[in-house]
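Asker: Could you have a look at this structure, given as structure tokens, before my questions?
No lab work stands behind these numbers, since they all come straight from the coordinates. If you're wondering where the values come from, they're calculated on a predicted model, not measured in any experiment. Counting neighbours? That spans all protein chains shown, and the Cβs are built from the backbone with ideal geometry, glycine included.
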Amino acid sequence: MRVLWARLRGFLLARKLDRELDRQIQSHVALIAEDLERRGMTPKEARREALKDFGNVCQVREEYRERRGLPFIEVLFQDLRFSVRTLLRKPAFSITALVILALSIGLNTAVFSVVHGVLLRGLPYRDPDRLMTLWQTNPREGGARDEVAMANFLDWKERQRTFDNLAVIEPFSHELIGYGEPESIRSWIVSQGFFEVMGTPPLLGRWFTAEDYRATPQEDYAPGGAGVVILSYGLWQRRFGGDPEVIGKALPLRGRPMTVVGVMPPEFQYPMHRELWSPRLAQKQDRDNRASTYLQVVGRLKHGVRIDQARDDMRRIAADLEREHPRTNHGSTVLVAPIADYMTGEVRPALWILFGAATILLLAGCANVGGLVLARGVERGHELAVRGAIGASSRRLIRQLMTETGLLAVCGGTAGVVVAYWAISLLRSLPSSQVPRIEYVHVSGPVLAFSFVLSAATAFACGLLPAIRMVRAGHTEALKSSGRSLLLAPARQRGRRVLVAAQIAIAMVLLAGASLLTRSLVTLLSVDPGFRPGRLISLEAHVYALARTPQDRVAYFRQTLENLSHTPGVIAAAAVSALPFLENAIDI
């Protein structure tokens with residue numbers, strides 16, 4: 001520690017200690033010269049002999065500095081100052097390299113932020129590895145994932161042995177009328193235990209309790225026995241301004257007051273694209289409903305249970321149900337998948353492909369900058385030769401050249417972070433229906449660390465080969481040769497040919513990928529949808545609270561369509577249960 005403190009003091013007080021050393025050297029030389037003068041020498045001869053007796057003053061200074069300070073940091077600062085002066089003397093080269101590195105590193109950082117936020121960031125649930133989604137599927141009909149019938153879910157829940165609990169989720173809607181601007185709120189009605197399965201505590205208030213589910217089975221879709229709801233963070237902020245007093249407030253939903261008992265934190269958004277949860281009461285027809293598949297199921301594995309064990313258990317139950325109910329369950333089995341696969345499975349391959357393309361673009365940028373550095377080395381051949389001739393080692397020259405490239409990479413990485421911020425702001429404008437968990441995409445600590453590592457790797461990739469090529473050129477030949485002869489040297493030509501070939505190969509890969517993507521986009525845009533969408537307007541209608549029987553719903557839609565048909569500017573009006581090209585049907 002004493003040695004470290006002494007070296008640190010020597011580094012921080014370098015100029016003061018240098019002045020003290022110079023005074024000591026001059027005093028020592030003066031004493032020797034004075035002694036020589038007393039022996040009969042002239043002052044000039046005495047000083048010359050004193051300096052010869054003392055030795056090389058510059059070497060003494062350097063040895064003293066190495067012992068007293070932090071030579072590595074001092075040399076690094078010297079290299080940085082020299083690199084700044086060198087880059088400023090060639091602004092065209094510096095700006096070109098910075099732009100290439102900023103775009104390459106920035107785009108890579110932006111894409112990694114998407115990969116990190118969507119795929120790598122942990123899910124905001126307790127022990128997310130134990131959370132599973134369960135689906136019906138029929139291998140005889142293609143094995144596509146299908147939602148679950150209520151009667152099957154009830155049997156699953158009673159017979160399973162591998163889950164702590166199973167919960168069901170049903171898409172729903174609530175009309176908020178009489179509290180500000182009327183709004184139809186897309187929501188979920190959930191079975192008892194749903195929030196316990198997910199394991200995310202509320203931001204305000206509480207979860208649903210068993211008391212909220214105690215009610216007589218309903219003939220219709222009554223959303224909650226005790227008339228309670230839980231708000232999403234987005235709805236709480238948008239309609240209530242983040243008011244903490246919203247807990248306990250009665251909202252006019254579906255024609256009757258429903259009490260807000262909780263607000264979920266912003267990271268809890270499961271299932272996606274809904275803003276309100278309410279209890280799902282038991283229906284009299286639930287035990288008989290095996291044909292209508294409209295529910296989603298989640299479950300939490302018991303401690304120590306593997307996913308393959310849960311799959312075997314659920315397949316056993318599915319086989320029993322197929323024997324018991326062959327008309328509705330023939331060929332049907334159960335698909336068990338981690339919740340992360342459900343939330344990000346569709347975009348996972350596309351994001352990794354995009355990350356690979358961004359990496360290829362970075363390699364192309366490294367090859368371009370490496371070519372620029374190698375070409376610029378031709379101009380600096382004589383400089384490096386002179387420095388080598390007066391004693392600079394190859395290691396010292398490579399260190400100086402790598403410092404220049406590293407400085408370029410650091411500046412390019414800093415500019416790349418700015419580019420990444422801009423690109424991420426564009427990506428966050430995409431709807432979450434296209435990119436799930438897009439709200440988690442931002443420049444965070446791991447993203448900045450990735451950018452730093454990327455900048456360091458870029459500096460190494462761009463600078464090492466050109467630096468070795470420039471230093472390996474013989475000093476004598478370099479001093480004798482002109483710039484053109486250096487350019488035509490076989491060793492230089494080989495390095496340039498390698499970099500040019502790498503640039504062309506990478507550019508061809510990127511060009512081919514871009515051509516395929518452009519062709520796919522053109523093909524999608526040229527597909528005839530079978531109708532002209534330019535002057536079409538759609539709206540969603542949720543009528544369960546207004547029309548409880550099928551006859552009432554038919555009458556409601558007939559009256560609505562007749563009113564719309566007589567609206568000025570409307571040529572025709574029609575109703576449909578699901579709009580074309582939308583994944584989910586509209587709840588009507």
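Asker: For L253, enumerate residues with amide H under 5 Å from its amide H, sequence gap 5+ or separate chain, H modeled in the peptide plane.
Answerer: For L253, whose amide H was placed from the backbone, the distant partners under 5 Å are M258.
Asker: Classify the stretch 139-331 as rounded, prolate or oblate from the Cα gyration tensor: take a ≥ b ≥ c as the square roots of its eigenvalues, call it rounded if a/c is under 1.5, otherwise prolate when a/b beats b/c and oblate if not.
Answerer: Note, shape of the stretch 139-331 comes out prolate.
Asker: Amide H of F163: which non-local residues (sequence gap of 5 or more, or other chain) have their own amide H closer than 5 Å, using H built in the peptide plane?
Answerer: Residues meeting the criterion, in which the H sits 1.01 Å from N, are K302.
Asker: Right, something else. Ordered by residue, what ³J(HN,Hα) values in Hz, to whole numbers, does the stretch 160-171 give under the Karplus form 6.51 cos²θ - 1.76 cosθ + 1.60, where θ = phi - 60° and Gly and Pro are x?
Answerer: Karplus-based 3J(HN,Hα) across the stretch 160-171 equals 5, 10, 10, 10, 5, 6, 10, 9, 10, 10, 10, x Hz.
Asker: Still on this model: Give the separation of the Cα centroids, the stretch 355-374 to the stretch 250-298, in Å.
Answerer: For the stretch 355-374 versus the stretch 250-298, the Cα centre distance is 51 Å.
Asker: Per-residue HN-Hα couplings for the stretch 359-368, Karplus 6.51 cos²θ - 1.76 cosθ + 1.60 at θ = phi - 60°, whole Hz, x for Gly and Pro?
Answerer: Ordered by residue, 3J(HN,Hα) equals 5, 4, 4, 5, 4, 5, x, 4, 5, 5 Hz.
Asker: Right, something else. Would you mind putting 187-194, 232-239, 262-269, 122-129 in packing order, based on average other-beta-carbon counts within 10 Å, highest first?
Answerer: On the way: 187-194: 23.0, 232-239: 17.9, 262-269: 19.5, 122-129: 15.0.
Descending mean neighbour count gives 187-194, 262-269, 232-239, 122-129.
Asker: Let me ask something else about it. Taking amide H positions as placed in the peptide plane 1.01 Å from N, state which residues far from I185 in sequence (5 or more) or on other chains have amide H under 5 Å from it.
Answerer: Long-range HN contacts for I185: H174, E175, L176.
Asker: At a 10 Å Cβ-Cβ cut-off, how would you order K284, K157, K90, fewest neighbours first? Intermediate results must be reported in sequence, preceding the final value.
Answerer: Working: K284 10, K157 18, K90 14.
Ordered from fewest to most neighbouring Cβ atoms within 10 Å, K284, K157, K90 come out as K284, K90, K157.
Asker: For the stretch 535-541, take each phi angle, set θ = phi - 60°, evaluate the Karplus expression 6.51 cos²θ - 1.76 cosθ + 1.60, and give the result in whole Hz per residue in order, putting x for glycine and proline.
Answerer: These are the phi-based 3J(HN,Hα) values: 10, 8, 10, 10, 9, 9, 10 Hz.
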